[in-house]
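Structure first, then comments.
The values are calculated or read from the model by the stated rules, or taken from the named source; none is laboratory data. Just so it is clear, the model here is predicted, and its values are computed rather than measured. Here Cβ is always computed from backbone atoms with ideal geometry, including for glycine, and neighbour counts include all displayed protein chains.
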């Protein structure tokens, strides 16, 4: 880990699970995010089948680096301030990346930032989350404590306290008296007495 950009090396486990019930008429299998685990040199660089049975498959995808950036301290703060801090994983179905003649779900990016996840969701990407372990949350919280600065929320003044201006930005006056010909009548003017 470096001081300015702390990093963690992680691997992603994707689960291919059998769909049951009425939905299985349209889709027999679906992919979901199963876990994010620490990476190890023995994992290799290509997706690896860890488990296969009648109801599921688990695939390991290694080689992801989670880097903390000072510029995204707010996104990490939003994650650590929830009841369940988590990993966010963007993944895509890759028709060309086939194993056993089946398309496979390939993770693309792993992050701990709410901002990253929000941008990806806005771009219509598939983003899933799984809980982050306590030691990762502690590591992330230490980074947030060091680099995140809460913005002081200023109380917005009610509209009634704003100075009145006309459409040109000039000061405007308000009166409760009726005007006649653009002149405010005084005593003895316009029949008022």
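For residues in region 91-122 being part of a loop (DSSP other than H, G, I, E, B) and over 24 Å from residue 140 (Cβ atoms), which is modelled with the lowest pLDDT? Talk me through it step by step, then tell me what you get.
Our first condition is that a residue be part of a loop (DSSP other than H, G, I, E, B); within region 91-122, this holds for 100-101, 112-113.
Pick out the ones that are also over 24 Å from residue 140 (Cβ atoms) and you get 100-101.
Working: 100: 59, 101: 67.
It comes out as 100.
Check whether at least one residue in region 143-150 is modelled with pLDDT of 70 or more, assigned to a strand (DSSP E or B) and under 19 Å from residue 68 (Cβ atoms), and report yes or no.
The first filter runs over region 143-150 and keeps only residues modelled with pLDDT of 70 or more, leaving 143-150.
If we keep only those that are assigned to a strand (DSSP E or B) as well, we get none.
No, that holds for no residue.
For the condition crowded, with 17+ Cβ neighbours inside 10 Å and over 30 Å from residue 151 (Cβ atoms), what is the one hit in 73, 105, 45, 40? Outline the logic, then answer.
Values: 73 fails: over 30 Å from residue 151 (Cβ atoms); 45 fails: crowded, with 17+ Cβ neighbours inside 10 Å; 40 fails: crowded, with 17+ Cβ neighbours inside 10 Å.
Result: 105 is the single residue among 73, 105, 45, 40 that is crowded, with 17+ Cβ neighbours inside 10 Å and over 30 Å from residue 151 (Cβ atoms).
Could you count how many residues in region 123-142 are in a helix (DSSP H, G or I) and either without any contact (Cβ under 8 Å) to a residue 60 or more places away in the chain or on the phi > 0 side of the Ramachandran plot (or both)? Quick ask: steps written out before the conclusion?
Narrowing region 123-142 to residues in a helix (DSSP H, G or I): 134-142.
Applying the additional criterion that residues be either without any contact (Cβ under 8 Å) to a residue 60 or more places away in the chain or on the phi > 0 side of the Ramachandran plot (or both) yields 134-135, 137-138, 142.
Final tally of qualifying residues: 5.
Taking the condition over 26 Å from residue 138 (Cβ atoms) and either within 16 Å of the chain's Cα centre (by Cα) or surrounded by fewer than 16 Cβ atoms within 10 Å (Cβ to Cβ) (or both), does residue 54 pass? Steps first, please.
Details: over 26 Å from residue 138 (Cβ atoms): yes; either within 16 Å of the chain's Cα centre (by Cα) or surrounded by fewer than 16 Cβ atoms within 10 Å (Cβ to Cβ) (or both): yes.
Considered against the rule, which asks whether it is over 26 Å from residue 138 (Cβ atoms) and either within 16 Å of the chain's Cα centre (by Cα) or surrounded by fewer than 16 Cβ atoms within 10 Å (Cβ to Cβ) (or both), residue 54 comes out as yes.
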